[in-house]
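Notes to accompany the following structure.
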Amino acid sequence: MHRSVYRAGLVAAAAAVLALGPAAPGWATTTTTGEVSAHWGDRARVQFTWTDANTIEGGTLTVADLTCDDAPVYAVVTAVAGNGAPIPLATTPRTAGCGKTAETRLVRAGNTAGLGRVTLSICRPAGAASGVGGFGGTSASGQGFRAGDECVSPYTARNPYRETANLGF
């Protein structure tokens with residue numbers, strides 16, 4: 001009698017495993033948070049969720065003007081598809097003034113080629129501060145950057161659902 005109860009328990013457990021199957025890896029999500037400080041003192045923060053190798057679900061982008069120099073500052077978040085194409089996710093409004101912040105929501109992004117990485121840049125208009133140069137860069141690429149502005153991009157998040165060998169760039 002004892003053996004039959006034990007066997008019945010094993011059979012029931014095995015049947016449950018076969019019926020439920022292993023958990024699908026795509027069901028889990030990974031929330032990523034990144035924060036950067038520009039060499040001139042302002043800060044930006046991004047938080048978003050990777051849902052799989054092809055999709056990012058929303059999130060927030062915040063920029064803080066901490067330099068108290070009345071020079072505007074803004075932040076830009078861009079995803080890079082597996083084929084290398086940039087996908088703009090969000091740009092904060094410009095903010096200026098000691099301790100002022102600006103926040104915006106990221107758009108949902110998906111790409112059949114996959115999403116390889118997300119970059120966070122913090123920018124200020126050209127000529128916002130004198131004597132600063134040789135660090136960062138400018139972009140007129142239409143990815144949320146404004147032509148001639150000084151931008152630094154010290155933060156990159158790689159998609160945790162993609163293997164490094166499959167990034168394609």
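The values are calculated or read from the model by the stated rules, or taken from the named source; none is laboratory data. Since the structure is predicted, the reported quantities are computational estimates derived from the model, not experimental observations. For accessibility, only protein heavy atoms count, side chains too; no ligands or nucleic acids. Shrake-Rupley method; radii C 1.70, N 1.55, O 1.52, S 1.80 Å.
Please list TYR161, TYR155 in order of solvent-accessible area, largest first, computed with a 1.4 Å probe with all protein chains present.
TYR161, TYR155
Give me, ordered by chain and number, the residues 5 or more places off ALA81 or on other chains with an amide H under 5 Å from its own placed amide H.
Counting only residues 5 or more places away or on other chains, the set is ILE87, GLY116.
Go through the stretch 41-48 residue by residue and turn each phi into a ³J(HN,Hα) via Karplus (6.51, -1.76, 1.60, θ = phi - 60°); whole Hz please, and just put x for glycine and proline.
x, 7, 10, 9, 9, 10, 9, 8
Would you please give the residues with an amide H less than 5 Å from that of ASP149, counting only those at least 5 places away or on a separate chain, with H modeled from the backbone geometry?
Residues meeting the amide H criterion: ALA126, SER139.
Per residue of the stretch 109-118, in order, report the coupling 6.51 cos²θ - 1.76 cosθ + 1.60 (Karplus, θ = phi - 60°) as ³J(HN,Hα) in whole Hz, putting x for Gly and Pro.
10, x, 8, 5, 7, x, 10, x, 7, 10
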